[in-house]
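These notes concern the structure reproduced below.
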Amino acid sequence: MTLKNIPTDSILTHWVRYLSMSEIPTNYQIACGLTALGSLLRRNRYIDQIEFKVWPCQSVLLIGPSGIGKDTIINRVVRVMDVTGGVPVMGGTTYEGIAARLAQLGKPACAYIPAHELTAFFGRSEYQQTMLAGMTNILSCGDKVDITTKGAIFRDGNFTGHPVYIYQPTVTMHGGSTVEWLHKQMPEGTLEGGFLGRFLIMCEEFGSKHVPLVKTDKTQAEIKALWNQLDSWMAGVKTIVDECRKPAEVHLLPEAEEIYGNWYHNRFRLFSRAVLPYANRSRDMVLRIALLMAISRGHYRWIEGVDMDFAIALIQEVAQRIDKVVIPPARGAAIAAKIMDMLPCPERTIYAALGDRYQTRDIFEALDLLRRSGRAWFNSRTERMEVIESTTT
């Protein structure tokens, strides 16, 4: 998505323009800016689904290689939280620690959790299942979460046995990860169990552009204009938070209802069968994103068709790339991809570079796969493996 996809009257345009000086992928900017606003709204706006309510807290998982800007965008969001002071920023690397702090916040227990690297957040492999189950429970936005077994109240030298609850947990989490970590380290069942299904998953391979030195790349007037965009964004956020201090229902206007209904009945065509659990949960994401876009435009009680169009377009971006995130590649294909990144080079270089991680037989089979698929060939004159350039006739 680009700035053109955002309605011009949304304060999100100021956020994206401010970040135009960075190499952060635009999809990261859009997703994190909008959901940061949702965190600050706490439970003060909602869409009533009779049996449950769709709250504005939408978590985001940023997938991409190291250095692409995951840490940078999360740090920018932390600044927004610190300046507004609307919800506490909560760190921690144990579920018990996070749960204990949430239990102290009262009702609702609202917090923003930055997890720059899920590798560090989840910790050792033997602890991951506990962390996964606990965080999935917290991110469910239920009425209360019983954490009594995770640490009863200790008083006068004895455990009182009184139940301990997190009341109305309303947590927004921004996490970062590489595709490789998800494939190799994430516990099994993260999709089916609902953890990944609670995240808007933004997968990127490259930054939006290359900016070697921002200060020398921009004129003083341009730099001042960027700071003005940040000021406009922050002023808009504060206005929205002030206007939404009391809980209120947000309604879909007829056009938005029709657009959502059409998408709802056809959404499974966007996703492969391998990610059906995620497709099921995407219905609430679309409503939540549409709600946030409407509020970013100053519409505190209604959702228009343009808000729903934006939400569906963002989910379509997710649908196009999510298979790469949740489905580990076949071993041979993974090795072949690494070889392609190395070409052109001698075969001995390939074996030397990959020999510590893969068996010789697997490397040989990957090379053979590239030859048979017509993607690479051995040039006997240069004694190097080379990419076969595609031609168009």
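The values are calculated or read from the model by the stated rules, or taken from the named source; none is laboratory data. This one's a predicted model, so the numbers in the text were calculated from it and none came from an experiment. When we count neighbours, we look across all protein chains shown, and the Cβ atoms used for this are built from the backbone with ideal geometry, even at glycine.
Brief remarks on what is shown
- Selection from the range 52-78 of residues that are of a type in the set (Phe, Trp, Tyr) and at pLDDT 95 or above: 55
Each row is one residue, and each column tells you yes or no for (1) under 30 Å from residue 3 (Cα atoms); (2) in contact (Cβ under 8 Å) with a residue 24 or more places away in the chain; (3) in contact with a Phe, Trp or Tyr (Cβ under 7 Å, 6 or more places away or on another chain); (4) not assigned by TED's automatic domain parsing to the domain that holds residue 191.
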site	(1), (2), (3), (4)
271	yes, yes, yes, no
274	no, yes, no, no
286	yes, yes, yes, no
305	yes, yes, no, no
348	no, no, no, yes
362	no, yes, no, yes
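- The set of residues in the range 70-83 that are under 21 Å from residue 41 (Cβ atoms) and surrounded by fewer than 19 Cβ atoms within 10 Å (Cβ to Cβ) comprises 78, 79, 82, 83.
- Test: residue in the range 11-21 that is in a helix (DSSP H, G or I) and closer than 14 Å to residue 114 by Cβ: no
- Hits in the range 357-372 (condition: surrounded by 11 or more Cβ atoms within 10 Å (Cβ to Cβ) and either in contact with a helix residue (DSSP H, G or I) (Cβ under 8 Å, 6 or more places away or on another chain) or not in a loop (DSSP other than H, G, I, E, B) (or both)): 358, 362, 363, 364, 365, 366, 367, 368, 369, 370, 371
- Residue 86 being among the small types (Gly, Ala, Ser), farther than 21 Å from residue 170 by Cβ, touching a strand residue (DSSP E or B) at 6+ places or on another chain (Cβ under 9 Å) and surrounded by fewer than 23 Cβ atoms within 10 Å (Cβ to Cβ): no
- Failed condition for residue 272, given (1) modelled with pLDDT of 95 or more; (2) over 29 Å from residue 113 (Cα atoms): (1)
- Selection of the range 1-14 for residues being over 24 Å from residue 319 (Cβ atoms) and either among the hydrophobic types (A, V, I, L, M, F, W, C) or surrounded by fewer than 14 Cβ atoms within 10 Å (Cβ to Cβ) (or both) yields 8, 9, 11.
- Which numbered condition residue 321 misses (of (1) modelled with pLDDT under 90; (2) closer than 30 Å to residue 13 by Cβ; (3) loosely packed, with under 13 Cβ neighbours inside 10 Å): (3)
- Test: residue in the range 239-256 that is under 18 Å from residue 84 (Cβ atoms) and in contact with a Ser or Thr (Cβ under 9 Å, 6 or more places away or on another chain): yes
- Only one of the numbered conditions (1) at pLDDT 95 or above; (2) out of contact with any Lys or Arg (no Cβ under 6 Å at 6 or more places or on another chain); (3) farther than 22 Å from residue 222 by Cα is not met by residue 49, and that is (1).
Yes/no per residue for (1) under 22 Å from residue 217 (Cα atoms); (2) of a type in the set (Val, Ile, Thr); (3) touching a Phe, Trp or Tyr at 6+ places or on another chain (Cβ under 8 Å):
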| residue | (1), (2), (3) |
| --- | --- |
| 10 | no, no, no |
| 19 | yes, no, no |
| 23 | yes, no, no |
| 32 | no, no, no |
| 45 | no, no, yes |
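- Qualifying residue in the range 17-34 (condition: crowded, with 18+ Cβ neighbours inside 10 Å and at positive phi): no
- Matching entry among 343, 354 (being surrounded by 14 or more Cβ atoms within 10 Å (Cβ to Cβ), hydrophobic (A, V, I, L, M, F, W, C) and touching a residue at least 40 places away in the same chain (Cβ under 8 Å)): 343
- Filtering 67, 38 for residues that are assigned to a loop (DSSP other than H, G, I, E, B), among the small types (Gly, Ala, Ser) and either buried (at least 22 other Cβ atoms within 10 Å of the Cβ) or free of Cβ contacts under 8 Å to residues at least 24 places away in the same chain (or both) leaves a single hit, 67.
- Counted as qualifying within the range 146-261 are the strands (runs of 3 or more DSSP E) with 1 or more residues that are crowded, with 18+ Cβ neighbours inside 10 Å and at pLDDT 95 or above, namely 169-177, 199-203.
- One residue stands out in the range 226-245 among those that are among the aliphatic types (A, V, I, L, M) and in contact (Cβ under 8 Å) with a residue 40 or more places away in the chain: the one that is nearest to residue 300 (Cα to Cα), namely 240.
- Residue count for the range 292-309 under the criterion of being touching a Leu at 6+ places or on another chain (Cβ under 9 Å) and either surrounded by 24 or more Cβ atoms within 10 Å (Cβ to Cβ) or at positive phi (or both): the result is 7.
- Scanning the range 106-138 for residues that are part of a loop (DSSP other than H, G, I, E, B) and touching a residue at least 60 places away in the same chain (Cβ under 8 Å) yields 106, 107, 108, 116, 117.
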